[in-house]
Amino acid sequence: MDPGLDAAFRRSRYLVWLTPATWFRFTVDQPLPAGLAHAIAGAPWAHVTACNPQSRPTSDAANLAAQQALYAALRALPATRDIHPAIGLGPEGWHEPSLFVVGPETAELDRLMRRFGQLAYLHGRGEWPVKLRWL
């Protein structure tokens with residue numbers, strides 16, 4: 001694990017769009033906002049992306065194609081209950097389109113995130129504090 005990258009993940013803010021009028025913001029090591037925790041009703045969840053594999057900048061076209069493939073792969077998992085648009089926002093100005101998925105456990109997500117070249121992702125269960133999971 002790269003200490004600088006770990007610090008960047010922890011300083012970032014993460015948002016999920018639950019409905020057209022409802023955004024929730026959360027950070028690593030803090031509980032999910034109550035409204036978001038209530039909406040997922042104790043289920044496992046993750047904030048994931050297929051953009052910028054290995055934390056290396058990638059073209060918009062490649063990132064879009066990867067995100068579309070990730071969405072399809074998440075949809076194909078039997079445990080997936082919901083997928084919502086999300087974004088990661090770094091303090092230095094970076095941003096990364098993401099997905100907030102409800103249902104799959106970490107074992108399934110670990111395999112999927114490795115397939116998409118990701119180094120880490122956020123996850124939790126219900127209102128538990130947000131955890132940063134390094135692969």
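As a length-normalised measure over Cα pairs under 8 Å and 6 or more apart, the relative contact order of the chain settles at 35 percent. Other residues within the sphere of radius under 15 Å centred on the Cβ of Ala120, judged by their own Cβ, net out at +3 (K and R +1, D and E -1).
Restricting the chymotrypsin sites (Phe, Trp or Tyr not before Pro) of region 52-135 to loop positions (DSSP other than H, G, I, E, B) with no more than 16 neighbouring Cβ atoms within 10 Å leaves Trp94. Averaged over its residues, the chain has an accessible area of 52 Å² per residue, based on protein heavy atoms and a 1.4 Å probe.
Here the accessible area of region 2-67 is 61 percent carbon and sulfur, with a 1.4 angstrom probe and all protein chains present. Between the labelled values (1) 14.8; (2) 19.0; (3) 16.2, the entry that holds Kirkwood radius over Cα pairs in Å as derived from this structure is (1). Take the chain, connect every pair of alpha-carbon atoms lying under 10 Å apart with a spring to form a Gaussian network, then pick out the residue of Ala37, Ala107, Ala73 with the largest mean-square fluctuation. Highest fluctuation among the options: Ala107. Loop-located GluC sites (Glu not before Pro) across region 28-135 with a Cβ neighbour count of 15 or fewer within 10 Å are Glu92, Glu105, Glu127, with loop assigned by DSSP. Selection among Ala7, Leu135, Phe24 by position relative to the dipole of the chain gives Leu135 as farthest towards the positive end (Cβ unit charges, Cα centre).
Just Ser98, Ser59, Ser12 to compare: in a GNM of the chain, with alpha carbon springs under 10 Å, which one fluctuates most? Between Ser98, Ser59, Ser12, it is Ser59 that shows the largest mean-square fluctuation.
From the alpha carbon centroid of region 72-97 to that of region 109-133 is 10 Å. Note on the chain: with a GNM built from Cα contacts shorter than 10 Å, the maximum mean-square fluctuation among Thr27, Thr49, Thr19 falls on Thr19.
The values are calculated or read from the model by the stated rules, or taken from the named source; none is laboratory data. Computed from a predicted model, the values in this text were never measured in an experiment. In this analysis, Cβ positions are derived from the backbone assuming ideal geometry, glycine residues included, and neighbour counts consider all displayed protein chains. Please note that ligands, DNA and RNA were not included when accessible areas were found on the heavy atoms of the full protein model with its side chains. Shrake-Rupley method; radii C 1.70, N 1.55, O 1.52, S 1.80 Å.
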